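Written below as structure tokens is the structure these notes are about.
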Amino acid sequence: MPATDIRKNDEVQVITGKDRGRRGRVVNVVPSRNRVMVEGVARAKKHTRTTGKRSKSGSALQQGGIIDTELFIDLSNVQLVCRACGKATRVGHRIQDGVKARVCMRCEAEI
Ligand SMILES: [Zn+2]
């Protein structure tokens with residue numbers, strides 16, 4: 001199984017789709033499904049139903065409404081933003097002291 005080079009709290013840039021060029025912080029990654037959730041990207045308004053039994057007074061236990069949420073997008077649609085050069089980049093690897101480090105393919109800085 002391929003390991004993902006993008007981790008939670010990384011800054012990424014969207015490289016395709018309607019949010020192309022947008023940057024955001026990774027809030028969730030599902031490596032097994034190649035999915036990533038990025039703050040402010042692929043936002044969707046979700047309509048929620050009022051659920052739960054009503055109390056005697058008639059007020060709902062949980063209010064329905066519209067909430068803003070992010071959707072999972074494919075990992076291949078984003079690139080990691082390098083902290084050193086500030087550009088979206090592919091990620092290379094370097095073994096350093098026996099530990100695999102991520103490096104920027106543009107400036108070769110460790111990410
Ligand atoms: Zn760089």
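The values are calculated or read from the model by the stated rules, or taken from the named source; none is laboratory data. The model shown is predicted, which means the values in this text are computed figures rather than measured ones. Areas reflect the complete protein model, heavy atoms only, side chains present, ligands, DNA and RNA absent. Shrake-Rupley method; radii C 1.70, N 1.55, O 1.52, S 1.80 Å.
General observations
- Taking only Cα atoms of the chain, radius of gyration then Dmax in Å: 19.2, 66
- Percent accessible area from carbon and sulfur atoms, the chain, protein chains only, probe 1.4 Å: 46 percent
- Span per principal axis, largest first, for the Cα atoms of the range 61-111 (Å): 56, 24, 19
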